[in-house]
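Chemist: This is the structure, below, for whatever I ask next.
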Amino acid sequence: LIAAKTFPSQEYGSLTTILEEFIAENKEAMGRHTARACVMAVAGPVELNRVYMPNTNWNLDGEEMATALNINKVVLMNDFVGVGYGILGLDKDDYISIQDKPCNPRGPIVVFGPGTGLGQAYLTCDGRNEYTVWPSEGGHADWAPRTNEEMRLWHFLKNRIRNRMRVRGSIVETAEVDHVSNE
């Protein structure tokens, strides 16, 4: 590790601006080395190397960032995909099992935790001990009622909530609720 610094994202207009500042501040520490590639694990669903980060209102585009930073390639990945690849480097002493049965050494792996939603990713093994990490934006999901009772609840909430309900972590956020009753 050559350098590290925390940047309060709300004080910046873009991630590119933060990276430009970090690179400029650490030019001496980097010496004659220059970055040729950059991989960023970011909050939100990444598609075609682009992502909208809801907590910052930033739209990131890996190709645009590469051009602005004069780096050959910038790759954006979902933050929990980064976590998924990171856990592959853990030793058995670095984690504990939450079940009373031994883990399948080539079985699927799940990672999840709070973030801008309920961040999730899962890993699947190809049978040769090579894992692929798959993003899953489970915390940015809509609610689809499945039973008549859930449908009645949906209609009740729809009539009383002016904005969409969103699942975020383990709570349901609502906006402008008039009241809740036993209807």
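The values are calculated or read from the model by the stated rules, or taken from the named source; none is laboratory data. Nothing here was measured: the structure is a model prediction, and the numbers come from that model. Note that we place each Cβ from the backbone using ideal geometry, even for glycine, and neighbour counts take in every protein chain shown. We work out accessible area using only protein heavy atoms, side chains counted, and drop any ligands, DNA or RNA first. Shrake-Rupley method; radii C 1.70, N 1.55, O 1.52, S 1.80 Å.
Chemist: Out of the residues in segment 77-116 that are open to solvent by 50 Å² or more (accessible area, probe 1.4 Å) and aromatic (Phe, Trp, Tyr), which is farthest from GLU137 (Cα to Cα)?
Modeler: TYR95
Chemist: Among the residues of segment 30-44, which ones are open to solvent by less than 100 Å² (accessible area, probe 1.4 Å) and either in contact with a Ser or Thr (Cβ under 7 Å, 6 or more places away or on another chain) or under 24 Å from GLY86 (Cβ atoms) (or both)? Let's see the steps before the verdict.
Modeler: Our first condition is that a residue be open to solvent by less than 100 Å² (accessible area, probe 1.4 Å); within segment 30-44, this holds for 30-31, 35, 37-44.
Of everything in segment 30-44, those that are open to solvent by less than 100 Å² (accessible area, probe 1.4 Å) and either in contact with a Ser or Thr (Cβ under 7 Å, 6 or more places away or on another chain) or under 24 Å from GLY86 (Cβ atoms) (or both) turn out to be MET30, ALA35, ALA37, CYS38, VAL39, MET40, ALA41, VAL42, ALA43, GLY44.
Chemist: Any residue in segment 6-15 that is out of contact with any Gly (no Cβ under 6 Å at 6 or more places or on another chain), modelled with pLDDT under 95 and part of a strand (DSSP E or B)?
Modeler: So far as segment 6-15 goes, no, none of its residues is out of contact with any Gly (no Cβ under 6 Å at 6 or more places or on another chain), modelled with pLDDT under 95 and part of a strand (DSSP E or B).
Chemist: ASN59 fails exactly one of the following numbered conditions: (1) open to solvent by less than 100 Å² (accessible area, probe 1.4 Å); (2) part of a strand (DSSP E or B); (3) free of Cβ contacts under 8 Å to residues at least 12 places away in the same chain; (4) of a type outside the set (Asp, Glu). What is the number of that condition?
Modeler: ASN59 satisfies every listed condition except (1).
Chemist: Out of the residues in segment 62-93 that are among the acidic types (Asp, Glu) and in a helix (DSSP H, G or I), state the one that is farthest from THR17 (Cα to Cα).
Modeler: Within segment 62-93, the match that is farthest from THR17 (Cα to Cα) is ASP93.
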